[in-house]
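Derivation of every value follows stated rules applied to the coordinates shown; laboratory data play no part. A quick note: this is a predicted structure, and the numbers were derived from the prediction, not measured. Don't worry about glycine lacking a Cβ; one is built from the backbone with ideal geometry, like all the others, and counts go over all protein chains shown.
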Amino acid sequence: MNRIDQALARARSEKRAALIVFVTAGDPDLSTTAELIPELAAAGADVIELGIPHSDPIGEGPTIQVSSQRALARRTSLSQILDLVRRVRTVSDVPLVLMGYLNNVLAYGEERLARDASASGADGLIVADVPFEETAALSRACAEHGVQRVLLVAPTSTPERTVRIAAASRGFVYCVSVTGVTGARRELPADLEQLVARIRRVTTTPVCVGFGVSTPEQAAQVARLADGVIVGSALVSRIDAAPDRDSAVRSARSFVAELSRAVRSARP
Amino acid sequence: MTLVKICGLTSLDDAELALAAGADAVGLNFVPGTPRAIDVANGRAISAALAGRAVRIAVFRDAPRDEVERIAREAGVDVVQLHGSESPEYAASLPFPVLKVIPADSRALDTAARYPEADILLDSPSGGGSGSGWNFALALPLVEAGRRVWIAGGLGPENVADAVKLASPYGVDASSALESAPGRKDPARMRAFVAAVRAATPARERPDLRGYFGRFGGRYVPETLVPAVEELAATWEALRRDPAFWNELAEERRAYIGRPTPLYFAARASQELGVRVWLKREDLAHTGAHKINNAVGQALIAKRMGKRRVIAETGAGQHGVAAATACARYGLDCEVFMGEEDTRRQALNVFRMELLGAKVHAVTSGSRTLKDAMNEALRDWATNVRSTYYLIGSVAGPHPYPMLVRDLQAVIGEEARAQILAEEGRLPDVLIACVGGGSNAMGLFAPFHGDTSVRMIGVEAGGEGVGSGRHGASLTVGTPGALHGSYSYVLQDDEGQIFEAHSISAGLDYPGVGPEHSFFKDSGRAEYVPVTDAEALDAFVWLSRMEGIIPAFESAHAIAELRRRAARLERGAIVVLNLSGRGDKDAMEAKRLLGERLAR
């Protein structure tokens, strides 16, 4: 069984939502990312998304965009990120999902990425600017190499698309909470519950909610209605605000621990 | 363009022959016990070889749903065709686009309505393979209802042209009529079939059903935006066949834009260069550039779609001004994203937009130029997608924009073609136009696409030289990649990170290009060359003095190539050059760059 499935099944058996966190690989540098991953897992992250920095990330808000630029300023590459995953695998079994944009995937090679991601120990892949009906080759390569291709459902997705995306998504279905880009928001949308319910009706694959979830309170709110909670920008800004590596790791760790407590105590 | 699907391929050899004949789509038959049925392994081999070169469609009849999904996945196809009595629920539950086969009878419209998401394949009511043909006009109500309709049953090289003219279908499908023996495709008959379809449809009906021009194009946007581009594509499919829309647009073009623009014989330039130079005067269109053609067309579409808020991105500001103008004309709210660097270089256009009532957002992310303005516009669109119309300014972006903008700009080439025939009594030898995203060039080129004697030359921003790393020559030195919603040539590094482009012309410093140009480049239909900043600046001065016409920096690139190319053309050759815009906006920048040089 794939690590993502295991982690989500474990959370389900503990009658709680899973906590999924996002960090940009290489921000501020790759050795910090390497240090962060086991720390975040120890603090309660069930799954970690590793952002592949891209020059033109149209799905990201300012926080993640700027963090990508920082990583790119150090010329962080996909090969280095896969090396990082390989190194992390010697110390941690936390499920890792690579998240990025198509052009970096194409430059690396779809088939080659699926193979190398699998070999390095990555468990899943999200390509933010590719709708499910495009790049059948990538889906096929992922399936062949046991890399779970996670697909996104948006509030604008039609019922027909929702059915097809949910059927094709592996690991979990990434439910985008709002129309728009990533980034912290003060309030969660009022119709989130219906959106999650709409996806739940058509699939048994776990449904995890991301975009805009930034505080422990919001995480707890989402944990009551979904199988997983995804937090990205809020964590990235903690890391970016820290003056040095040690405090970045400390601050990220304590924030994830807070989120984890909130998620674990959300359902009575 | 009506697509051609050749069905019932049983071998890799036949598949290659079908592609060589020009097929856009192929059918692989997985219905056990039928004459052309193949197994999954064979389907997979054929499918893998055709990846990215044709739409691969797997054919099933009343097979268990899970088996359909399994086989389609294992074979690696793009579309699933359902040939039996599969229910609408069954069709909707498949994680693949569906092509539903229904009989072409009087109930077809109602039957199709039960499968709202599927493409429809109308087949002979007597069942496939009869070779008898049917009343193809029965497809028309469905086509007019905006459905994507394929026709099949009794189609061969002899009757397919008539069928296409009668039904104007999205695609045609043939199998047994193209065989020399059962299960063996006949190359000559396949070629004749494709040629008959092509001849019956105008060339600019491309791209294919998924928005691809060959391997370029597509729809690479976050899921949030997919329903919006699908809605726009459906709207445009319906509108482009709607005479009322074109009549309204024609009146706006005449009364408001000032069309047709003249095709002007540049006598002194011709004398000097030894070729007959005709300038298509888009600089004389309202707002001073070709951009208004597209802006007015899309603003009318936005109005019809009930969207009150329009957003646009702009580089040099000409598209921003055009969008602001069209929105003022139709009473729509307009917001324009422009790189901070460009707001400085094109301060006059910022003022014009504001004067026209638009709000200008100076974009401070990334390189602060056009590519970042487009990123920001896409982010805004994702956020406000339900209320907002995104008015893209070039033949770039996700499907259907490259096609939509081309269709609206094709008025340039349509007029030029008629004008040159009236003036010279024959077609031109050469077309020249500058290419940033590529809308003015595509507008000129598209109506000449089928005129194979006419050479097309696109001129890119060579900046400080293509070896300098500071240029905008995506087609000359770029490599294929995905940017801003489509797959096309882009300027990028080995990791797939996009470069910042550079040009003296803010309208050409874009690191991508419209996908149809990439298709033209690879197919050899058009050639693309770079011109440097310095050459463009010389041409800017040259045309001003030679003809009393100050060209935009963009158009000056085309002029520079004209001067260079003329020496290699036969004396008296006819050249049509698209003068895409006037140079007022660049006058201050030119003054700064030319400095003392003009004081003589």
For chain A, give the magnitude of the charge dipole about the Cα centre (Cβ charges: +1 Lys/Arg, -1 Asp/Glu; no others), in debye to the nearest 20.
660 debye
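For every helix of n ≥ 4 consecutive DSSP H residues, a contribution of -39,500 (n - 2.57) applies; sum these over chain B, divide by its total residues, and give [θ] at 222 nm rounded to the nearest 500 deg cm²/dmol.
-11500 deg cm²/dmol
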For segment B:420-467 and segment B:80-153, what is the separation of their C-alpha centers, rounded to whole Å?
40 Å
With unit charges on the beta carbon (Lys/Arg positive, Asp/Glu negative), name the residue among B:249, B:420, B:369 whose Cα is farthest towards the positive pole of the charge dipole of the protein assembly as shown.
B:249
Comparing A:80, A:218, A:65, which has the greatest mean-square fluctuation in the GNM of chain A with Cα pairs linked when under 10 Å apart?
A:80
What does the charge dipole of the protein assembly as shown about its Cα centre add up to, to the nearest 20 debye, if the Cβ of each Lys and Arg holds +1 and the Cβ of each Asp and Glu holds -1?
580 debye
Quick one: 3J(HN,Hα) in Hz for segment B:394-410, Karplus 6.51/-1.76/1.60 with θ = phi - 60°, rounded, Gly and Pro as x.
9, 7, 10, x, x, 3, x, 4, x, 6, 4, 5, 4, 4, 6, 8, 4
Go through B:431, B:232, B:529 and say which Cα lies farthest out towards the positive end of the charge dipole of chain B; charges sit on Cβ, +1 for Lys and Arg, -1 for Asp and Glu.
B:431
Summing -39500 (n - 2.57) over every DSSP H run of at least 4 in chain A, dividing by its residue total and rounding to the nearest 500, the 222 nm mean residue ellipticity is -15500 deg cm²/dmol
What percent antiparallel are the DSSP beta bridges of the protein assembly as shown, to the nearest 5?
15 percent
So the angle from the long Cα axis of helix B:40-50 to the longest Cα principal axis of chain B, reported in degrees to the nearest 10, equals 20 degrees
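Roughly what % antiparallel, to the nearest 5, for the DSSP beta bridges in chain B?
In chain B, approximately 20 percent of DSSP beta bridges are antiparallel ones.
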Helix B:533-547 against the longest principal axis of chain B: what's the angle in degrees, Cα atoms only, rounded to the nearest 10?
70 degrees
Taking the Cα centre of segment B:391-538 as the origin, how large is its charge dipole in debye, to the nearest 20, when only Lys and Arg (+1) and Asp and Glu (-1) carry charge on their Cβ atoms?
380 debye
I need the phi-derived Karplus couplings for segment B:56-71: 6.51 cos²θ - 1.76 cosθ + 1.60, θ = phi - 60°, integer Hz, Gly and Pro marked x.
9, 10, 9, 9, 10, 9, 6, 7, x, 3, 5, 5, 4, 4, 5, 5
Report ³J(HN,Hα) in whole Hz for each residue of segment B:479-485, in order, from the Karplus equation J = 6.51 cos²θ - 1.76 cosθ + 1.60 where θ = phi - 60°; Gly and Pro get x.
9, x, x, 10, 9, 6, x
For residue B:361, the residues 5 or more places away or on another chain with a placed amide H closer than 5 Å to its own amide H are B:336, B:337, B:338
Principal axis extents for chain A, Cα atoms only, whole Å, descending order, please.
43, 40, 33
5 angstrom amide H check on residue A:209, placed H, neighbours 5+ away
A:175, A:228, A:229, A:230
Between the alpha-carbon centers of segment B:536-568 and segment B:255-283, tell me the distance in whole angstrom.
13 Å
Would you grab the residues whose amide H sits under 5 Å from the one on residue A:24? Only those 5+ places off in sequence or on another chain, please, with H modelled 1.01 Å from N.
A:51
Of the residues B:264, B:562, B:108, the Cα lying farthest along the dipole of chain B towards its positive end, which is defined by charges on the beta carbon of Lys, Arg, Asp and Glu, belongs to B:264
Taking the protein assembly as shown on its own, what percent of its Cα-Cα pair distances exceed 41 Å?
38 percent
If the cut-off is 27 Å between C-alpha atoms, which lysines fall inside it for residue B:100, apart from same-chain ones fewer than 8 positions away?
B:5, B:165, B:185
Cα axis of helix B:243-252 to longest principal axis of chain B: angle in degrees, 0 to 90, nearest 10?
0 degrees
